[in-house]
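The values are calculated or read from the model by the stated rules, or taken from the named source; none is laboratory data. Small disclaimer: the values here were computed from a predicted structure and weren't measured. A quick note on method: Cβ atoms are made from the backbone with ideal geometry, for glycine too, and the neighbour counts reach across all protein chains shown.
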Amino acid sequence: MLQRVDPLRPDPAIIARAAEILRGGGLVAFPTETVYGLGGNALDAAAVERIYAAKGRPAYNPLIVHVADPARIIDVARDWPDNAARLARSFWPGPLTLVVSRRPEVPLGVTAGLDTVAVRVPSHPVAQALLAAARVPVAAPSANRSTEVSPTTGSHVEKSLGDAVDLILDAGATPVGIESTVVDVTVDPPVILRPGMISRDDLIRVVGALGDPAKKTGGEARPSPGMLDRHYAPRATLVLTDGDHARTLVDRARREGKNVGSIFRSIGWADSSGDLVIALPDEPGGYAAGIYAALHRLDDAGVDLIVVERPPDRPEWHAVLDRLERAARQG
Ligand code: TXA
Ligand code: MG
């Protein structure tokens, strides 16, 4: 069931009902500042099982545990390294996830059998209110079927998960728009496992240096199990290519009678096909906030092909490019 809530001041009665569902072992989808999460009590192994079942998520891909307050990290983490404390102080609440060692109370289902656990304190007022009221740590992957595009509105969640979730708190569009930056702080220097809008430079300013997973300077850091698969993928085939080539591809596909959608970074291209040509802001923050909604819209329109103009290869676009490249991967 979809329940509208005010994004800034959610009705306490609605939040109380959602918290009750979580404490009773049920699933609640809720907005975070990044994307919508599919929440269940992280200390309840049966609830965690329901999350995997609802998403069709492979058992090897661990979940992120969300808490209202950094002080509650002690419920799930065995160890809190200095780098974790520094990063938490700088970026929480906010779109950063830290991988730390797991307390034995955390069911192995949450961490897919790993001895580490991913934790995050989200800043969205609805997430904050829900986590405070639930008084349990909440395991929440993105609220979509596995491999699909992540949801940034309540209707995206409803479309993807439908009745598999007991309640959807719908607070409209999420402001950041792509998933949190994931950083492994069990190794020193820490290693980025998934890029996000908190950038490499932002992190380096706080911890001094980061390990390079490719060069293994991060010692034991293992890749995020979930980052190996095809991901964030629309139903249509997605092609990521430079501006001029993108225009050529779109024209050719149309001539061939294909139903083609496209996403550009500027509106300087005369076009008449309305809804199927989406212009996103030529700036990483605005682009990230709109990209998943754009992909959902084109999929809903039933296009066969989505042509995306490749954003510039610059550090501030890194997280967005990562998502687009994964979406373009045919799997
Ligand atoms: O912004 C976000 O992070 C959203 C919102 C809902 O918080 N959540 C999210 O969750 O994106 P999910 O499940 O779609 O992605 C979690 C990522 C996966 O790539 C997973 O492999 C990684 O975090 N992860 C979780 N626990 C881990 C662990 N112990 N070690 C390494 N990677 C882990
Ligand atoms: Mg996900």
query = Looking at (1) farther than 26 Å from SER199 by Cα; (2) surrounded by fewer than 17 Cβ atoms within 10 Å (Cβ to Cβ); (3) at pLDDT below 95, which is the only condition ALA45 fails?
reply = (3)
request  = Mind listing just one residue for me: the one in the stretch 57-111 that is within 16 Å of ligand 2 (Cβ to nearest atom) and assigned to a loop (DSSP other than H, G, I, E, B) and, of those, surrounded by the most Cβ atoms within 10 Å (Cβ to Cβ)?
outcome  = LEU63
remark   = Checked the stretch 210-232 for anything surrounded by 17 or more Cβ atoms within 10 Å (Cβ to Cβ) and either at pLDDT 85 or above or in a loop (DSSP other than H, G, I, E, B) (or both); matches are LEU210, GLY211, PRO213, GLY218, ALA221, SER224, HIS231, TYR232
query = Looking at (1) without any contact (Cβ under 8 Å) to a residue 12 or more places away in the chain; (2) farther than 16 Å from VAL138 by Cβ, which is the only condition SER101 fails?
reply = (1)
inquiry  = Restricting to the stretch 1-46, count the residues that are outside any helix (DSSP H, G or I) and in contact (Cβ under 8 Å) with a residue 60 or more places away in the chain.
reply    = 29
remark   = Inside the stretch 277-289, the number of residues satisfying the requirement of being of a type outside the set (Phe, Trp, Tyr) and buried (at least 19 other Cβ atoms within 10 Å of the Cβ) is 5
message = Going through PRO281, PRO311 one at a time, which residue ends up being of a type outside the set (A, V, I, L, M), at pLDDT 95 or above and not in a helix (DSSP H, G or I)?
response = PRO311
request  = Answer yes if at least one residue in the stretch 63-83 is among the basic types (Lys, Arg) and free of Cβ contacts under 8 Å to residues at least 60 places away in the same chain, and no otherwise.
outcome  = yes
Top-ranked residue in the stretch 112-126 [being within 16 Å of ligand 2 (Cβ to nearest atom) and outside any strand (DSSP E or B); ranked as surrounded by the most Cβ atoms within 10 Å (Cβ to Cβ)] = PRO122
